[in-house]
Amino acid sequence: MSGGRAVVVMGVAGCGKSTVAALLAERLGWDLLEGDALHPVANVERMGAGIPLTDDDRAPWLAAIAAWMDERLAAGRSVVVACSALARRYRDVLRRDEVTFVHLDGTPELLAERLASREHHFMKAGMLQSQLATLEPLTPDERHIVLDISAPPATLAAQAAAAL
């Protein structure tokens with residue numbers, strides 16, 4: 001890779017990944033990918049029906065995100081990606097020397113409240129427990145920042161930018 005950097009804004013549904021990633025990308029002037037945009041239709045249909053994805057469902061999606069990042073990093077461009085990246089094995093697909101994970105963390109109560117207020121989103125509030133069960137803490141060998149989602153999205157983006 002030549003000069004680009006990457007941030008993966010991660011966490012369970014309702015944590016604000018999309019919003020914070022967009023604000024951070026705008027603040028830094030970096031390319032933005034909403035990872036959900038690369039989900040195959042079958043994945044969106046499964047999640048919309050309240051069926052958690054399997055590792056087999058996620059594999060091509062994560063590979064597509066990694067390929068998108070690699071293409072831009074190889075061109076020396078920096079990127080921000082919104083992607084749940086809940087389990088270590090998923091983060092390993094995305095992990096590069098250039099990648100910092102920004103984990104947006106919050107209480108189950110706050111997350112459930114946010115999901116309940118969403119309209120027109122394929123991820124339903126009933127799937128929160130599945131996501132929380134899948135979430136694996138980041139480890140010291142994964143470059144990362146953990147931010148508390150009780151702060152406003154603009155504050156979270158500013159905190160992430162400052163930490164980078």
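If the condition is being outside any helix (DSSP H, G or I) and of a type in the set (A, V, I, L, M), then the range 86-117 contributes Leu86, Ala87, Val99, Val102, Leu104. Would you check which residues across the range 83-111 are free of Cβ contacts under 8 Å to residues at least 40 places away in the same chain, closer than 21 Å to Asp70 by Cβ and surrounded by fewer than 18 Cβ atoms within 10 Å (Cβ to Cβ) and list them? Selection gives Arg89, Asp92, Val93. Only a single item in (1) assigned to a helix (DSSP H, G or I); (2) farther than 27 Å from Asp148 by Cβ is not met by Gly4, and it is number (1).
Give me the pairs: first residue in the range 142-157 and closer than 18 Å to Val81 by Cα and touching a residue at least 12 places away in the same chain (Cβ under 8 Å), second residue among the hydroxyl-bearing types (Ser, Thr, Tyr) and not in a strand (DSSP E or B), beta-carbon distance under 7 Å, and six or more apart or on different chains, which are they? Listed pairs, sorted by first residue: Pro153/Thr19.
Mind checking which residues of the range 7-27 are on the phi > 0 side of the Ramachandran plot and in a strand (DSSP E or B)?
Just the residues of the range 7-27 that are on the phi > 0 side of the Ramachandran plot, to begin with: 11, 14, 16.
Selection gives nothing.
You will find that of Leu23, Leu32, the residue that is of a type outside the set (Asp, Glu), at pLDDT 95 or above, surrounded by fewer than 20 Cβ atoms within 10 Å (Cβ to Cβ) and touching a Leu at 6+ places or on another chain (Cβ under 9 Å) is Leu32 and no other.
Scanning the range 120-164 for residues that are at pLDDT below 90 and among the β-branched types (Val, Ile, Thr) gives a single hit, Thr134. Are any residues in the range 28-63 farther than 25 Å from Ala133 by Cβ and in a helix (DSSP H, G or I), and if so, which ones? Once the filter is applied, which keeps residues that are farther than 25 Å from Ala133 by Cβ and in a helix (DSSP H, G or I), the range 28-63 yields Leu28, Ala37, Val41. For Glu98, the stated conditions hold: it is over 24 Å from Ile149 (Cα atoms), touching a Lys or Arg at 6+ places or on another chain (Cβ under 6 Å) and not small (Gly, Ala, Ser). Taken over the range 75-85, the criterion of being within 12 Å of Gly11 (Cβ to Cβ), modelled with pLDDT of 95 or more and part of a loop (DSSP other than H, G, I, E, B) is satisfied by Cys83, Ala85.
Only residues that are surrounded by 15 or more Cβ atoms within 10 Å (Cβ to Cβ), out of contact with any helix residue (DSSP H, G or I) (no Cβ under 6 Å at 6 or more places or on another chain) and assigned to a strand (DSSP E or B) were counted in the range 141-164, giving 1. Applying a threshold of 9 Å to beta carbon distances and a minimum spacing of six or more residues, or different chains, the list of pairs starting in the range 1-22 at a residue that is in contact (Cβ under 8 Å) with a residue 24 or more places away in the chain and under 17 Å from Thr107 (Cβ atoms) and ending at one that is among the acidic types (Asp, Glu) and part of a helix (DSSP H, G or I) reads Gly14/Glu113; Lys17/Asp36.
The values are calculated or read from the model by the stated rules, or taken from the named source; none is laboratory data. A quick note: this is a predicted structure, and the numbers were derived from the prediction, not measured. For neighbour counting, all protein chains shown are included, and Cβ atoms are generated from backbone atoms with ideal geometry for every residue, glycine included.
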